[in-house]
Amino acid sequence: MLALKDITVSHGEEPVLAGANLNLSAGERLLVCGAAGSAKSTLLNVAAGLIPRLVTPSHFAGEVTLSGEPLSTMSKDTLFAEIGLVMQSVEEQSWDLGVEDLIAFPMENRSMPKAEIRKRVDALLKQFQLDALRGRRVLTLSGGERRMVAIAAAMALSPRLLILDEPTTGLDPAARQRLTAALGDTLDSNSAVLVAEQDPAAFHGVARTVRFISEGQVSEARGFGTLVNEERLWREAGILPPRRTASRPKASAPGAEILGVRDVTTILCRAHGQPVLNGAGFMVRAGEVLGLIGRNGAGKTTLFQSILGLARISRGTITIEGIDATGWTVARRARRIAYLPQNMRRILFNMTLAEEVLFAITAGADPGEPDRNRAQACLEKYGLGGLSETNPFALSVRQQALLGLACADVAGAAVAILDEPLLGRDLNGRAMLDLFIRSMTDKGRAVLLISHDLELVEEVATRTLILADGRVAFDGDSSEAWQSAAFRALGWPAPSFTPDGLVA
Amino acid sequence: MNSVHNVNFFIKLTFAFAIMAIAWLLPDWRSSVPLAAATVALLAIFRVPGIRTYFKGAALLVLLVTASWIANLMIQGETLVAAVETALAMAARLVTTTAVFFFVMETSTPGSILAASSAARLPPIATLVLSLTFGVIPMLRHDFERIADAQRARGMEIDDVSFPMRLRFALARGVPLLIQAVRMAHAISLSLSIYGFDLSRKRTTWREVGLLVEHRLPGIETS
């Protein structure tokens with residue numbers, strides 16, 4: 001059905017794809033796996049016709065055909081009716097529309113009758129269990145919710161080829177199951193799915209074949225079932241294998257409390273009137289790594305906003321290093337609590353990487369020579385030393401995440417809140433994440449990790465919190481979390497490692 | 001969401017132009033100022049999003065317009081009383097005008113504008129221009145606030161400082177806002193392409209459109 005022949009793409013001088021080939025048959029569900037920066041997104045954008053049609057690289061060569069017809073000769077309208085695409089960064093293909101608007105958009109633009117559109121939108125909202133999001137604006141949704149809506153929109157026209165770039169990013173385990181079930185239910189033998197992922201386990205039941213991508217080349221297709229146990233191949237491709245033994249952290253005795261959240265209730269309420277946080281409480285001690293999990297939309301974002309003072313609270317207290325932070329400005333809190341969102345672009349605003357790191361050191365004051373030296377040393381620590389004069393918006397998502405770690409590290413904050421870091425599944429990224437965590441905990445600082453990646457939480461967190469119904473429903477040792485009533489209520493599969501089986 | 005927010009975009013726009021015309025036709029401050037006050041009061045009654053920001057902007061506008069007009073008119077030989085009356089009338093007209101269009105912009109989502117335009121069978125280019133003109137300004141305002149929150153969340157003290165310093169920090173947000181605006185334009189352009197927006201084809205809409213524009217799709221019973 002889909003054929004990529006001798007594809008070469010360069011964004012600068014060096015090609016990111018160098019003569020890559022890929023074939024996809026009707027009915028095939030293909031998973032493309034590779035480390036961050038291995039050009040998975042470029043490959044998918046070429047397969048979708050985005051490159052070179054809408055995004056022009058500095059060099060492009062090769063041919064892409066769909067059912068024998070070159071994409072270059074297809075009209076844009078036909079092309080994007082035949083191919084549904086969800087990009088890695090959903091923000092790059094969505095704007096301030098409503099949930100129903102975004103799902104209906106491809107159908108409205110093709111003049112489909114109203115009754116037919118309404119029926120299809122309703123069916124997709126039910127299939128993906130997005131009923132609670134009816135009437136919401138896309139930009140107000142959590143990252144995971146937004147991604148599910150974008151996937152529903154991509155499936156609206158029942159495309160022959162569905163291309164998903166890192167579709168599980170930001171999705172909680174239940175949403176991942178809904179996604180894979182929807183892919184299994186909806187797509188027939190005439191359609192195909194091409195997925196790029198760093199977390200292959202999520203697609204074990206859906207994808208039949210896997211190809212690795214590295215150094216600009218795509219490997220031959222292998223059966224997923226036969227690859228699962230070949231740990232070496234996954235590691236050579238630069239990602240964590242789906243089946244592996246866990247490396248759990250050495251728990252050292254925690255120090256004094258450095259962040260206290262007590263009985264916090266927010267002014268912000270849900271549609272039915274209940275506060276998003278309703279009596280939430282926990283504490284963070286020096287040297288700890290806390291994992292925070294909860295459903296998409298459970299209030300995790302509101303929790304950190306409350307800690308920083310960006311969301312107003314009606315009741316409760318926040319203490320930072322033993323001092324009641326009531327009355328502190330957001331900036332004063334932020335100098336002790338560093339926050340790294342999943343999408344780092346939300347908090348970057350300087351013109352170069354060096355300025356971003358300097359800003360973390362000086363908080364806007366004029367920097368001196370020692371500050372500049374510290375900034376450069378920190379960039380080098382996280383592998384960004386050669387990019388100090390680059391604009392942060394020109395970096396890849398992974399590099400932006402590394403920049404976030406560098407800023408949080410050098411700022412000397414007592415606690416760093418990492419919201420769904422995109423470094424957990426890539427071997428190099430994971431090494432940097434581990435370096436950051438060690439750097440923090442060795443200095444008696446702490447990390448609060450918000451993630452849907454339960455294996456990551458299991459492997460790095462010394463304590464786990466489960467947020468449900470606006471409060472912390474479980475607070476305890478990570479190894480006990482998966483047996484707790486609060487976790488069972490989520491209905492998620494617990495993380496499991498070899499010899500027990502495939503990681504969830 | 002207030003049901004007034006769901007009024008058809010074109011009806012809101014017609015009312016906005018009508019009120020603006022009345023404001024500029026009123027003879028002096030005795031009628032202009034009450035109309036401006038009533039318009040601003042309606043913003044509060046209808047709980048228009050971002051109203052605090054609007055009030056700050058409107059206060060600054062009144063201050064600047066009144067001061068500059070009084071100074072200008074007095075230089076031209078007007079008495080202080082006459083200059084104040086003229087300046088107040090002018091400020092009131094501007095407040096009325098900005099308030100009604102602020103209402104239209106803040107209560108009309110791009111989706112509701114697309115729906116109203118599509119239901120009216122407007123040419124796609126008109127649909128697009130209206131949605132972007134009235135829809136993008138609130139998006140940029142949100143981005144401006146988001147950048148401020150990002151600065152705060154990175155430890156930059158922009159609240160507990162003097163007014164001139166706040167103004168300086170606000171101006172410094174211009175560059176990242178510009179970058180964000182370019183990115184937004186790129187995202188909208190990409191979205192229009194991959195979701196099949198075509199200037200040669202009139203769109204339909206999923207929404208029921210009449211005096212009100214449907215806000216959410218109710219669940220459809222399936223047998």
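A quick yes/no check of all residues on (1) crowded, with 16+ Cβ neighbours inside 10 Å; (2) in contact with a helix residue (DSSP H, G or I) (Cβ under 6 Å, 6 or more places away or on another chain); (3) not in a loop (DSSP other than H, G, I, E, B):
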residue: A:E116; (1), (2), (3): no, no, yes
residue: A:D122; (1), (2), (3): yes, no, yes
residue: A:G135; (1), (2), (3): no, no, no
residue: A:I151; (1), (2), (3): yes, no, yes
Only residues in segment A:392-411 that are within 24 Å of A:N373 (Cβ to Cβ) count as the first member; pair them with residues that are of a type in the set (S, T, Y) and in a helix (DSSP H, G or I), Cβ under 7 angstrom, at least 6 apart or cross-chain, and list the lot.
A:D409/A:S439
Which of the residues spanning segment A:262-307 are surrounded by fewer than 22 Cβ atoms within 10 Å (Cβ to Cβ), touching a helix residue (DSSP H, G or I) at 6+ places or on another chain (Cβ under 7 Å) and free of Cβ contacts under 8 Å to residues at least 60 places away in the same chain?
A:L268
Six or more apart or on different chains, Cβ under 7 Å: which pairs go from a residue in segment A:90-101 that's within 7 Å of chain B (Cβ to nearest Cβ) and in contact (Cβ under 8 Å) with a residue 60 or more places away in the chain to one that's surrounded by fewer than 24 Cβ atoms within 10 Å (Cβ to Cβ) and not in a loop (DSSP other than H, G, I, E, B)? Could you list them?
A:E91/B:A187
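Every residue, every condition in (1) within 10 Å of chain B (Cβ to nearest Cβ); (2) in contact with a Cys (Cβ under 7 Å, 6 or more places away or on another chain), yes or no:
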site	(1), (2)
A:D324	no, no
A:W328	yes, no
A:R332	yes, no
A:I347	yes, no
A:F359	yes, no
A:V410	no, yes
Is it the case, given these coordinates, that A:A446 is at pLDDT 90 or above, closer than 30 Å to A:E236 by Cα, in contact with a helix residue (DSSP H, G or I) (Cβ under 9 Å, 6 or more places away or on another chain) and crowded, with 22+ Cβ neighbours inside 10 Å?
no
Looking only at segment B:46-77, count every residue that is outside any loop (DSSP other than H, G, I, E, B) and under 30 Å from B:N2 (Cα atoms) and tell me the total.
12
If A:E69 meets every condition in (1) touching a strand residue (DSSP E or B) at 6+ places or on another chain (Cβ under 7 Å); (2) modelled with pLDDT of 90 or more apart from one, which number is that one?
(1)
I'd like to check something: does segment B:163-170 contain any residue that is facing chain A (nearest Cβ under 9 Å), over 30 Å from B:N6 (Cα atoms) and either assigned to a helix (DSSP H, G or I) or in contact (Cβ under 8 Å) with a residue 12 or more places away in the chain (or both)?
yes
Report, by residue number, each residue of segment A:30-82 that is assigned to a strand (DSSP E or B), touching a helix residue (DSSP H, G or I) at 6+ places or on another chain (Cβ under 6 Å) and farther than 30 Å from A:G205 by Cα.
A:F60
Of the residues that make up segment A:125-133, is at least one touching a residue at least 12 places away in the same chain (Cβ under 8 Å) and either in a strand (DSSP E or B) or among the charged types (D, E, K, R) (or both)?
no
Filter segment A:153-162 down to residues that are crowded, with 16+ Cβ neighbours inside 10 Å and more than 20 Å from the chain's Cα centre (by Cα) and give me whichever is farthest from A:S67 (Cα to Cα).
A:A156
Quick one: is B:A148 in contact with a helix residue (DSSP H, G or I) (Cβ under 6 Å, 6 or more places away or on another chain) and either within 7 Å of another protein chain (Cβ to nearest Cβ) or in contact (Cβ under 8 Å) with a residue 12 or more places away in the chain (or both)?
no
Matching residues in segment B:78-110 - criterion: being part of a helix (DSSP H, G or I), within 14 Å of chain A (Cβ to nearest Cβ) and out of contact with any His (no Cβ under 6 Å at 6 or more places or on another chain):
B:M105, B:E106, B:P110
Residues satisfying the stated conditions in segment A:49-89, i.e. within 23 Å of A:L183 (Cβ to Cβ) and in contact with a Phe, Trp or Tyr (Cβ under 8 Å, 6 or more places away or on another chain):
A:G49, A:F80
Within segment A:177-205, how many residues turn out to be under 20 Å from the mean Cα position of the chain (by Cα), more than 21 Å from A:L125 (Cβ to Cβ) and outside any strand (DSSP E or B)?
7
Name the residue that is surrounded by the fewest Cβ atoms within 10 Å (Cβ to Cβ), counting only residues in segment B:180-213 that are more than 9 Å from chain A (Cβ to nearest Cβ) and either assigned to a strand (DSSP E or B) or free of Cβ contacts under 8 Å to residues at least 12 places away in the same chain (or both).
B:V182
List every residue pair whose Cβ atoms sit under 9 Å apart, with the two residues 6 or more apart in sequence or on different chains, where the first one lies in segment A:337-350 and is without any contact (Cβ under 8 Å) to a residue 60 or more places away in the chain and the second, anywhere, is in a strand (DSSP E or B).
A:I347/A:Y339; A:I347/A:L340
Would you confirm, using the coordinates I've provided, whether A:E14 is under 19 Å from A:T168 (Cα atoms) and surrounded by fewer than 21 Cβ atoms within 10 Å (Cβ to Cβ)?
no
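Per-residue answers, yes or no, for (1) at the interface with chain B (Cβ under 7 Å from one of its Cβ atoms); (2) of a type in the set (K, R); (3) under 22 Å from the mean Cα position of the chain (by Cα):
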site	(1), (2), (3)
A:F105	yes, no, no
A:R110	yes, yes, no
A:K119	yes, yes, no
A:D122	yes, no, no
A:T140	no, no, yes
A:R147	no, yes, yes
A:A150	no, no, yes
Just give me the residues in segment B:151-162 being among the basic types (K, R) and either part of a helix (DSSP H, G or I) or more than 7 Å from chain A (Cβ to nearest Cβ) (or both), in sequence order.
B:R152
Segment A:344-397, subset closer than 23 Å to A:S41 by Cα and touching an Asp or Glu at 6+ places or on another chain (Cβ under 7 Å), residue surrounded by the fewest Cβ atoms within 10 Å (Cβ to Cβ)
A:P392
Has segment B:115-136 got any residue that is of a type in the set (D, E, K, R), assigned to a loop (DSSP other than H, G, I, E, B) and either free of Cβ contacts under 8 Å to residues at least 24 places away in the same chain or facing chain A (nearest Cβ under 7 Å) (or both)?
no
Report, by residue number, each residue of segment A:124-135 that is more than 8 Å from chain B (Cβ to nearest Cβ) and closer than 17 Å to B:T205 by Cα.
A:L124
For segment A:308-331, the count of residues that are free of Cβ contacts under 8 Å to residues at least 24 places away in the same chain and surrounded by fewer than 14 Cβ atoms within 10 Å (Cβ to Cβ) equals 4
Filter pass, B:L217 being at the interface with another protein chain (Cβ under 9 Å from one of its Cβ atoms), over 20 Å from A:L50 (Cβ atoms), hydrophobic (A, V, I, L, M, F, W, C) and surrounded by 13 or more Cβ atoms within 10 Å (Cβ to Cβ)
yes
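The values are calculated or read from the model by the stated rules, or taken from the named source; none is laboratory data. Everything numeric in this text was worked out from a predicted model, so none of it was measured. Positions of Cβ are generated from backbone atoms using ideal geometry, with glycine treated the same way; all protein chains shown enter the neighbour counts.
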